[in-house]
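Please treat every number below as a calculation from the coordinates, not as lab data. Model, not experiment: these values are computed from the prediction. With ideal geometry, Cβ positions are generated from the backbone for all residues, glycine too; neighbour counts draw on all protein chains shown.
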Amino acid sequence: MVKTVQCHLVDILEELGQDELKKFKSKLNTFPVKEGYSNIPRGRLEKADVLDVSQMLISYYREDYAVKVTLELLTDINMRDLAERLHKATGTDSGGAGQKPVQPCGATRGEEEHFVDRHRVQLIQRTSPVDPILDILHGRVLDDEQYQTIRAASTSQEKMRRLYQLMPSWNRECKDLLYEALKAKNKYLIKDLEEN
């Protein structure tokens with residue numbers, strides 16, 4: 001079975017000692033991310049274990065950029081051997097020039113990137129209100145606990161970020177349902193994104 005990018009991240013991060021993991025999380029919070037991405041909040045990272053950190057990397061940065069960020073941070077904390085292992089396992093490097101990007105979650109070879117993945121940043125920033133979308137997804141994509149957890153967030157942006165954190169486990173059908181819900185409740189935003 002082919003390992004997912006998240007599995008590779010977990011394998012590598014589990015090799016870090018407690019102090020190295022602490023350094024890694026500290027740098028992850030202040031790392032100068034490229035335009036369109038935001039840093040993972042320190043409060044979320046403080047008590048996060050290896051699995052939590054790998055999930056946050058994927059949900060905040062998507063797979064290809066998550067690997068690049070991890071490679072740079074491992075190099076920063078003098079864990080070059082682990083960076084090299086991750087590089088070999090994923091076929092990615094920190095420069096990214098000429099590299100074939102790692103497939104986004106749920107996509108198969110040759111399949112176009114899904115609308116909700118492609119417009120992640122804009123959808124997080126501009127979707128409001130989020131609750132009607134959650135109502136549509138409840139019971140179809142979201143279970144009760146996920147629904148309540150996302151609704152408990154105080155801002156629309158935070159609700160959308162929490163929704164995106166679940167996406168690495170979704171298949172294309174789940175993403176289609178989100179797209180349909182967004183279109184039903186925010187048709188002008190979707191129209192604007194589709195035209196640009």
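Data overview
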| quantity | calculated |
| --- | --- |
| Fewest-first ranking of 158, 63, using other Cβ atoms within 10 Å as the exposure measure | 158, 63 |
| Cα gyration tensor shape of segment 4-75, rounded if a/c is under 1.5, else prolate or oblate by comparing a/b with b/c | rounded |
| Which of 85, 42 has the fewest Cβ neighbours within 10 Å, and the rest in rising order | 42, 85 |
| Label selected from [x] 17.1, 49; [y] 22.6, 71; [z] 23.5, 74, the criterion being Rg and Dmax of the Cα atoms in Å as computed here | [x] |
| 33, 130 arranged by Cβ crowding within 10 Å, fewest neighbours leading | 33, 130 |
| Residue-averaged [θ]222 nm for the chain, counting only DSSP H segments that reach four residues, each worth -39500 (n - 2.57) | -19000 deg cm²/dmol |
| Whichever lysines have a C-alpha closer than 21 Å to that of residue 175, once near sequence neighbours (fewer than 8 apart) are set aside | 159, 183, 185, 187, 191 |
